[in-house]
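One structure is given here, and the rest of the page talks about it.
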Amino acid sequence: QLQGRNRQTVMHALINALNDDSPKVKLAAIGAMGDFHETEACEALINALKHWDQGVRQAAAAALRDVTGKGAEDALIEALDDDVPNVRQTAADILGKFNGTEVCEALI
């Protein structure tokens, strides 16, 4: 189990991996970010929701289930308008864990 400085080092490396050109590298980084449950990853995952690869967008939405932070809810609401049904479904599934009028209205 990683703690302290080692944990931060790994999280920074994962965030940097999201800048890689390969969707496979991005997918691996996103999967690991969700395992860390770190709010520090939230902004990077929100940005990944706008990636051209649908698998990356879907994985980012799923990872936000465990990595919540400022802007996650709004980004997932925006993902409900994604062109790809699987991305929309994942975003809706994750939004189901949030409370609030805006989320309820978006899901209706």
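One table, with the values for the structure above:
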quantity	calculated
Long-range neighbours under 6 Å by Cβ, at least six apart or interchain, first residue modelled with pLDDT under 95 within region 66-91, second hydroxyl-bearing (Ser, Thr, Tyr) and not in a loop (DSSP other than H, G, I, E, B)	Gly69/Thr39
Qualifying residue in region 26-37 (condition: within 24 Å of Arg5 (Cβ to Cβ), at pLDDT 90 or above and either open to solvent by 40 Å² or more (accessible area, probe 1.4 Å) or assigned to a loop (DSSP other than H, G, I, E, B) (or both))	yes
One residue from His51, His37 being at positive phi, touching a residue at least 12 places away in the same chain (Cβ under 8 Å) and not small (Gly, Ala, Ser)	His37
Count of region 58-78 residues which are within 11 Å of Met33 (Cβ to Cβ) and of a type in the set (A, V, I, L, M, F, W, C)	6
Answer from Asn86, Asn99, Asn16, Asn47 - the residue that is within 11 Å of the chain's Cα centre (by Cα) and open to solvent by 70 Å² or more (accessible area, probe 1.4 Å)	Asn47
Region 64-83, residues that are open to solvent by less than 40 Å² (accessible area, probe 1.4 Å) and part of a loop (DSSP other than H, G, I, E, B)	Leu64, Val67, Gly69, Gly71, Leu80, Asp82
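The values are calculated or read from the model by the stated rules, or taken from the named source; none is laboratory data. Keep in mind that what you see is a predicted model, and the values were worked out from it rather than measured. Every residue, glycine as well, gets a Cβ built from its backbone with ideal geometry; the counts of neighbours run over all protein chains shown. What goes into the accessible areas is simple: the full protein's heavy atoms, side chains included, and nothing from ligands, DNA or RNA. Shrake-Rupley method; radii C 1.70, N 1.55, O 1.52, S 1.80 Å.
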